[in-house]
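The numbers here are math on the coordinates, done by the rules we state, and not lab data. As the structure is a prediction and not an experimental result, all values here were calculated from the model. Using ideal geometry, Cβ is built from the backbone for each residue, glycine included, and neighbour counts are taken over all protein chains shown.
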Amino acid sequence: MRGTMHHSPDAERLYDELLVTLVQGGDRRASERLAARWHPRLARTARRLLGNEQQVPGAVQDAWIAIVKGIASLRDPSRFAPWAFGILRRRCVDRIRQSQARRSREASIDAEPSMEGGAHDGLAIRDAFAGLPHDQRLAAQLFFVEGLTLVEIAEVQDVPLGTAKTRLFHARLKLKAALTDHLPGDDT
């Protein structure tokens, strides 16, 4: 019965808050539970931000190291989600910068990255997200996939609320346009 129960987002947030509080108190099992709950979410977001599956494990590991080192300084355990995603964002940006520097040094640019097969809709969604500017992609990922609020997205991206709203608004428009182009039977 345990695997079939669904919890409300509020219950999930309260459980995360409890885990963070326990981790701050030195509870090792709570730390393991928090990592088990959050690792997939961080990996999913890193995958979307980096667009490079090979960099995901390193970015998430770097984020976890920073999370573990800094969790004691997190004053409000209810702010764990935006705090953790903010750390992940910075680690992903670091990796993107390192990749860009390496590519410019090697001066080899691939014209078209290869994408392995999968469902047409999944590819269309991936392509649509990949076509977004970095800041809009992160806002869309955090809102649509991770369920963060606009206030939390603004906190993760370290921008004013109005900027987060604008980024999400433009991301929605671009995603809608890109996905409308991929609808079957729409030859207009």
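Estimated at 0.36 nm per residue, the fully extended path between residue 127 and residue 158 surpasses their Cα-Cα distance by 8.6 nm.
Counted residue by residue at 0.36 nm each, then reduced by the alpha carbon distance between them, the extension gain from residue 65 to residue 36 reaches 9.0 nm. Report note on the peptides 130-139, 165-174: ranked by the mean count of other C-beta atoms within 10 Å, highest first, their order is 130-139, 165-174. Classify segment 9-109: rounded, prolate or oblate, from the alpha-carbon gyration tensor (a ≥ b ≥ c, eigenvalue square roots; a/c under 1.5 rounded; otherwise prolate if a/b is larger than b/c)? In terms of gyration-tensor shape, prolate. By other beta-carbon atoms within 10 Å, ranking 180, 45, 163 with the fewest at the front produces 180, 163, 45.
For segment 116-183, the gyration tensor built on C-alpha atoms gives a prolate shape. Its axis ratio a/c (a ≥ b ≥ c) is at least 1.5, and a/b is the larger of a/b and b/c. Karplus-derived 3J(HN,Hα) values for segment 39-56, using 6.51 cos²θ - 1.76 cosθ + 1.60 with θ = phi - 60°, are 4, x, 5, 5, 5, 4, 5, 4, 4, 5, 6, 7, x, 9, 4, 5, 8, 4 Hz; glycine and proline are entered as x. In terms of surrounding Cβ atoms within a 10 Å radius of their Cβ, 16, 10, 27 rank from fewest to most as 10, 27, 16. Of the trypsin sites (Lys or Arg not before Pro) found in segment 52-90, the ones in coil according to DSSP and having at most 16 other Cβ atoms within 10 Å of their Cβ are 75. Sparse packing (at most 11 other Cβ atoms within 10 Å of the Cβ) combined with a DSSP loop state is found for none of the chymotrypsin sites (Phe, Trp or Tyr not before Pro) in segment 15-81.
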